[in-house]
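For reference, the structure is listed below as structure tokens.
What follows draws every value from the coordinates through simple rules; no lab data is involved. All values reported here derive from a predicted model rather than from experimental measurement. Backbone-built Cβ (ideal geometry, glycine too); neighbour counts: all protein chains shown.
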Amino acid sequence: MTRTAQRPLLFLDVDGPLIPFGATSRPHPTYETGPGTPGTGANPLLPRVNPQHGPRLAALPCELVRATTWMEDANAWIAPRIGLPPLPVVHWPEPSDADGADGQEEQDERDGLHWKTRALVARAAGRPFVWVDDEITDTDRAWVAVHHPGPALLHRVDPRRGLADRDYTAVGAWLRGVAGEA
């Protein structure tokens, strides 16, 4: 398959998009799972994962990739809750000795660039991508616009509510537009 024929990537964070958190005027909804569901009891926030995310994510015209500090635990504990198979996981680079006072990581932090941004652009390698996260800023959008040769949508989710209908509508429309679908 050629690069142009590849489906866009969707880099998906867990905390915020799939697990809502933060102060709200009412309690976060919770969802029951069977007693054999992996991760039951391992994290008190796991019951907040809406099982409807799985079918909605699977229906998007893209390749799903986990972009979370949960790493492989997202495949072990989140995927079974939402009915998705194990997904590829972005493995974050370890800070090097050069990431001290004059290193790139510290410079990015001073400039307001999210620590995931460079790694996701490198992983996309020019492919169109969507990044769904609750910590995306205009600084990340501007950096990606300059450093990524393909189309990219950096979609910020409200962490208090997680992925919602309007998020799926916006992401789905963008993905269909990139793919040339009506």
Worksheet item: Whose amide H sits under 5 Å from the amide H of residue 130, counting only residues 5 or more places off or on another chain, with H placed in the peptide plane?
Response: 9, 10, 11, 153
Fill in: For residue 68, distant residues with modelled amide H under 5 Å away
90
Worksheet entry | Using θ = phi - 60° and Karplus 6.51 cos²θ - 1.76 cosθ + 1.60, couplings along the range 139-149 (whole Hz; Gly, Pro as x) | 4, 5, 4, 5, 5, 5, 4, 7, 9, 10, x
Worksheet item: What distance in nm separates the simple spin-label points at residue 45 and residue 158, each placed 7 Å from Cα in the Cβ direction?
Response: 1.8
Response to the item:
For the range 74-85, in residue order, the Karplus 3J(HN,Hα) values (coefficients 6.51, -1.76, 1.60; θ = phi - 60°; whole Hz; Gly and Pro = x) are 5, 6, 6, 10, 8, 3, x, 5, 10, x, 9, x
Worksheet item: Each residue of the range 61-69 in turn: what ³J(HN,Hα) in whole Hz from Karplus with 6.51, -1.76, 1.60 and θ = phi - 60°, glycine and Pro shown as x?
Response: x, 7, 9, 7, 9, 6, 10, 8, 6
